[in-house]
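Encoded as structure tokens, the structure appears first; notes follow it.
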Amino acid sequence: MRLMVVDDSNLIRTRISKVLGLGKVGSIALVGLAKNGVEAVRIAKATQPDVITMDLTMPEMDGLPCIATILQMMPNTRILVVSALTDKTTAIQALKLGARGFLSKPFTDDELQLALLDLMDQ
């Protein structure tokens, strides 16, 4: 499985990458890091990820339009929203657009691992 991390926070991108590097999420390879939705769409076209972790609040293109664009191009991609937003309406909207899970920031390494394993089993 190929994974892309989309988050405007370098800290979060690095943290998710480190959890993957520990080998606790099965056979998943990091294929891309994007700091906004525009970059995410470009990298997704090039790398065809199976799984994406997606922030919702980013510059240039937010997570919601990014989810819609990526799933239109690659409908089988599994998206895990990773966001600090406490607005349930936005989370529900992300799921309606096709995201398959939601993980609230801040999160523990174990919570991230479980969320990714769950996504991979879908």
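Checking the conditions here, which among K96, K105 is on the phi < 0 side of the Ramachandran plot and touching a helix residue (DSSP H, G or I) at 6+ places or on another chain (Cβ under 8 Å)? Lay out the reasoning, then the answer.
On the way: K96 fails: touching a helix residue (DSSP H, G or I) at 6+ places or on another chain (Cβ under 8 Å).
Sole residue among the options that is on the phi < 0 side of the Ramachandran plot and touching a helix residue (DSSP H, G or I) at 6+ places or on another chain (Cβ under 8 Å): K105.
Among the residues of the stretch 1-18, those identified as among the hydrophobic types (A, V, I, L, M, F, W, C) and either part of a helix (DSSP H, G or I) or within 21 Å of M61 (Cα to Cα) (or both) are L3, M4, V5, V6, L11, I12, I16.
Within the stretch 1-41, track down each residue that is touching a residue at least 40 places away in the same chain (Cβ under 8 Å), touching a helix residue (DSSP H, G or I) at 6+ places or on another chain (Cβ under 7 Å) and small (G, A, S). The one that is touching a residue at least 40 places away in the same chain (Cβ under 8 Å), touching a helix residue (DSSP H, G or I) at 6+ places or on another chain (Cβ under 7 Å) and small (G, A, S): G26. Would you be able to say whether some residue in the stretch 56-74 is closer than 20 Å to M1 by Cβ, hydrophobic (A, V, I, L, M, F, W, C), at pLDDT 95 or above and not in a helix (DSSP H, G or I)? Yes, the stretch 56-74 has at least one match.
The values are calculated or read from the model by the stated rules, or taken from the named source; none is laboratory data. Quantities reported herein were computed from a predicted structural model and do not represent experimental measurements. All Cβ positions, glycine included, derive from the backbone under ideal geometry; neighbour counts span all protein chains shown.
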